[in-house]
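Down below is the structure, laid out as structure tokens.
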Amino acid sequence: MKKILITGGAGFIGSHVVRRFVNSYPQYEIVNLDKLTYAGNLANLTDIESKPNYRFLKADITDAAEINELFQREQFDAVIHLAAESHVDRSIADPTAFVMTNVIGTVNLLNAAREYWKGNYDSKRFYHVSTDEVYGALGETGMFTETTAYDPHSPYSASKASSDHFVRAYHDTYGLDVVISNCSNNYGSHHFPEKLIPLAINNIKNNRPVPVYGKGENVRDWLWVVDHARAIDVIFHQAKTGETYNIGGHNEWKNIDLIQLLCKIMDKKLGREAGTSAKLITFVTDRAGHDLRYAIDSTKLQEKLNWVPSLQFEEGLEKTVDWYLENEKWLSDVTSGNYQAYYETQYHGR
Ligand code: NAD
Ligand code: DAU
């Protein structure tokens, strides 16, 4: 049986990837390795945690000895690496944590894979899940392609660019079988409410101000997280070694337009008079070094691997709002910090 290590599987995107692989591939053994930082929440995976082909391991990828020991013991056939510090604002406040996890942690995993696989990469694969932010910022026009030069601006994107370079270096130097994908902004269920969309949903629900940085003119290209997980599945199974794929929804929104749309949906769902939620929009000091615009050209993925996004944004955003309104406990546990007890209560001694 193929044993796949998925790192960061208790986070937002990682939990969708774990769910997809556990449900779609009963012939694979899926091991979810996560440190359970503030962003890791095992309650994201309650629907699959009892499946026979799933296992959780609490570990920190910055601990090289622990990671090496784990590879020797578990004998993984492939790695899908998502564990990271992922929030740009936190990277501005504390860049070192991003270097440690995103750069050193990735290099630790690469070393362990190289050491354990010993140059025999038959049916072995190291998949690095990365971001479009490595390409920097666009002006009013243009799109990022797989050949766009790297030009990261935030400590977060600099750390992800660095880890991408290390992954490619291990392919070029040691022949490690690697693939990388660079994806645009994800949205959907289980998204930690520090990021724009879940933060705004939570604040609107609780009648709190919705902070919009600067004038809200920045543009992001939004993709439903389930479509990202499907793209990772397709790339993991079909990409040639050493390849990079861009993943995006061809779905650009100015932040202020997105928030206005969200306010309309929330008014409808909460039975509020039209225009009520929009009154909560509050323009605040801009993010330092705020990238103006991201837009992904995913032609390569669409043409070579037949992947296309499945959901229109308006429909996806409404589905997302429904999920947050229907999962009050998930949201209140996350905002109160209760979610961090889930590991101790459900997993202790397993
Ligand atoms: P997230 O912050 O929701 O989850 C990150 C997970 O990594 C958490 O479960 C956390 O506990 C775990 N983790 C952090 N440090 C760790 C460590 N030292 N050891 C082990 N586990 C650790 O992040 P996300 O939004 O789900 O992003 C997942 C990946 O996808 C990241 O690599 C990110 O760069 C990339 N990405 C995210 C987006 C997006 O829109 N969110 C878009 C493109 C790419
Ligand atoms: O592009 C992919 C990236 O998308 C991922 O690599 C990152 O891990 C992920 O966090 C996301 O980064 P962003 O910085 O684009 O996401 P965030 O939700 O933090 O912000 C989206 C936009 O909204 C951005 O232009 C900043 C703005 N913003 C954000 C917050 C949290 C606000 O205006 N107000 C806010 O309160």
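For K269, a cut-off of 16 angstrom between C-alpha atoms picks up these aspartates and glutamates, skipping any fewer than 8 places away in its own chain: E314, E315, E318, D322, E326, E328.
Classification of segment 23-132 by its C-alpha gyration tensor yields an oblate form. The axis ratio a/c (a ≥ b ≥ c) is 1.5 or more, and b/c is at least a/b.
For K58, the lysines whose Cα falls under 19 Å of its own Cα, not counting residues fewer than eight places away in the same chain, are K3, K35. Peptide packing for 267-275, 208-216, 10-18 was compared via the average number of neighbouring C-beta atoms within 10 Å per residue; ordered from the highest value, the list is 10-18, 208-216, 267-275.
Computed over the chain with a Gaussian network model linking Cα atoms closer than 10 Å, the most mobile of T101, T148, T241 is T148.
Of the residues F71, M100, V134, the one whose Cα sits farthest towards the positive end of the charge dipole of segment 45-137 is F71 (charges of +1 on Lys and Arg Cβ, -1 on Asp and Glu Cβ, taken about the Cα centre).
Using only the Cα atoms of the chain, build the gyration tensor, take square roots of its eigenvalues as a ≥ b ≥ c, and label the shape rounded, prolate or oblate: rounded if a/c is under 1.5, else prolate if a/b is larger than b/c, else oblate. Verdict is prolate for the chain. In summary, the lysines within cross-link reach of K264, defined as a Cα separation below 28 angstrom excluding same-chain residues under 8 places away, comprise K195, K205, K215, K254, K279, K319, K329. Remark: the Cα gyration tensor places segment 98-140 in the oblate category, a/c being 1.5 or greater and a/b not exceeding b/c. Computed on segment 123-195, the Cα convex hull volume stands at 132 Å³ per residue.
Highest mean packing first, where packing is the average number of other Cβ atoms within 10 Å per residue, the peptides 305-311, 54-60, 130-136 line up as 130-136, 54-60, 305-311.
Here the Karplus curve 6.51 cos²θ - 1.76 cosθ + 1.60, taken at θ = phi - 60°, turns the phi angles of segment 39-52 into couplings of 8, x, 9, 5, 5, 5, 10, 4, 5, 10, 5, 9, 5, x Hz, with x standing for Gly and Pro. Over segment 1-72, the alpha carbon radius of gyration divided by the compact-protein estimate 2.2 N^0.38 Å works out to 1.05. Per residue, the accessible area of segment 1-100 comes to 38 Å² when a 1.4 Å probe rolls over the protein heavy atoms.
On the chain, 49 percent of the accessible area sits on carbon and sulfur atoms, based on a 1.4 Å probe.
The values are calculated or read from the model by the stated rules, or taken from the named source; none is laboratory data. If you're wondering where the values come from, they're calculated on a predicted model, not measured in any experiment. Cβ: placed from backbone, ideal geometry, glycine included. Neighbour counts: every protein chain shown. These accessible areas exclude ligands, DNA and RNA; they are computed on the full protein's heavy atoms, side chains included. Shrake-Rupley method; radii C 1.70, N 1.55, O 1.52, S 1.80 Å.
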